[in-house]
1. Less than 10 Å Cβ to Cβ from ASP94, Lys/Arg counted +1 and Asp/Glu -1: what total charge do the surrounding residues give?
2. In nm, what is the difference between 0.36 nm times the number of residues separating ASP262 and ASP296 and their Cα-Cα distance?
3. By how many degrees, 0 to 90 and rounded to 10, does the Cα axis of helix 113-126 deviate from the longest principal axis of the chain?
4. Are there chymotrypsin sites (Phe, Trp or Tyr not before Pro) in the range 2-55 that DSSP marks as loop and that have at most 14 other Cβ atoms within 10 Å, and which are they?
5. Using modelled backbone amide H atoms (1.01 Å from N, in-plane), which distant-in-sequence or interchain residues come within less than 5 Å of VAL251's amide H?
6. Whole-Hz Karplus ³J(HN,Hα) for the range 159-170, in order, using 6.51 cos²θ - 1.76 cosθ + 1.60 and θ = phi - 60°, x for Gly and Pro?
7. Over the chain, what is the relative contact order in whole percent, taking alpha-carbon pairs under 8 Å and six or more residues apart?
8. For each of SER12, SER243, count neighbouring Cβ atoms within 10 Å of the residue's Cβ, then give the residues from fewest to most.
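Since every read-out is calculated from the coordinates, none of them should be taken as a lab result. Quantities reported herein were computed from a predicted structural model and do not represent experimental measurements. Virtual Cβ from ideal backbone geometry, glycine too; neighbours counted across all protein chains shown.
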Amino acid sequence: MAEIRLQNLAHSYSSAPSGPDDYAIREMSHIWEQGGAYALLGPSGCGKSTLLNIISGLLSPSEGQVMFDSKVVNDLTPEKRNIAQVFQFPVVYDTMTVYDNLAFPLRNQGMDEKRIQAKVQEIAEVLDLQAVLKNKAKNLSADEKQKVSMGRGLVRDDVSAILFDEPLTVIDPHLKWKLRRKLKQIHEQFNITMVYVTHDQLEASTFADKIAVMYGGQIVQFGTPRELFEKPSHTFVGYFIGSPGMNLIEVTPQAGGVGFGDIHLPLSEGLQQKLASTQWSSLKVGIRPEFVHVWDGPYDDAMCADVTYVEDLGTYKILTLNLAGQSLKVRLQEDKPVPQGQAWISFPGQWLMLYADEYLLQASSESEVPHA
């Protein structure tokens with residue numbers, strides 16, 4: 001197990017990059033602490049797999065350093081880094097039995113057969129592979145093959161980290177939740193540094209203690225699933241995390257706050273001062289559909305919006321509203337009455353976020369933010 005530190009790391013596939021747009025990974029510094037369970041989350045093309053391949057040694061970075069426990073490993077091969085990597089598609093030896101697949105990396109190390117047998121049995125039990133240990137790998141189902149692929153990384157005692165590159169892509173949806181839970185149990189049992197790459201926020205949230213959200217070759221936020229949901233530090237995080245994602249509305253400064261159309265949203269004095277001292281070209285407010293308060297009828301300071309569509313999803317409903325020309329999503333629990341024609345809503349101040357050039361602005365005291 002190792003602490004993985006990325007220091008001033010950047011990578012471009014161009015031989016002569018001329019600007020930020022030429023970089024698949026823009027300059028970043030980041031730490032994966034020893035024994036942590038992490039997810040690297042983002043859409044296709046954001047740089048997730050490139051970053052993972054740099055950590056594992058399959059790719060050399062254009063700039064910066066990769067460090068394992070303060071040792072620079074840029075020039076070390078994946079083998080010498082003691083990294084186990086599990087890819088999207090299972091990598092197994094079809095002509096070997098499951099037992100021999102799991103034993104293969106241990107035999108390469110020269111481990112004695114008695115210890116190999118103990119380790120293989122241990123991992124087979126963890127992954128529920130005992131019943132197929134004598135089977136040829138070619139006869140396994142896709143999810144069984146992927147479990148064997150995972151097992152070959154887990155069976156080694158000396159791994160610095162295990163890297164998972166969208167490992168559940170080929171797995172039947174009904175089996176994914178079982179494997180996600182199994183990976184979580186494995187991490188808790190063996191305390192191995194794990195980094196899990198995915199574009200699926202559910203996979204990331206159920207596996208990882210902390211999630212690094214990537215966008216445009218950068219990690220735009222690193223935090224717990226709750227932190228990413230409750231306080232997105234970038235508009236992309238607000239949009240990407242949640243279903244539906246955060247409502248984002250362009251606003252302009254006004255006396256005492258910001259506004260759009262005929263809507264005024266008050267801000268705390270601290271946030272007004274922060275805004276006044278910040279240079280920006282784009283200003284937005286964001287609020288999650290879950291946090292928009294829907295009143296039963298007209299209420300002091302509540303805003304009146306037109307109800308344009310209602311989606312009934314069983315345990316909750318999604319309202320689409322028109323507020324001063326802006327489309328807004330609201331999540332309504334099933335025990336709440338559905339407003340007809342018009343809805344009276346408000347934005348609780350602690351959940352209303354202000355973004356300047358896509359990044360969150362915060363006052364020195366969050367408690368100052370009033371209700372809107």
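1. On the way: positive: LYS136, LYS138, LYS145; negative: none.
Around ASP94, the surrounding residues sum to +3.
2. Separation in residues times 0.36 nm, less the Cα-Cα distance, equals 10.0 nm.
3. Taking the Cα atoms of the chain, the angle to 113-126 is about 30 degrees.
4. Answer by residue number: TYR13.
5. Those qualifying (amide H under 5 Å, at least 5 residues apart or on another chain) are LEU283, LYS284, VAL285.
6. 5, 6, 6, 10, 10, 10, 9, 6, x, 9, 4, 8
7. Computed over the chain, the figure is 15 percent.
8. Result, fewest neighbours first: SER243, SER12.
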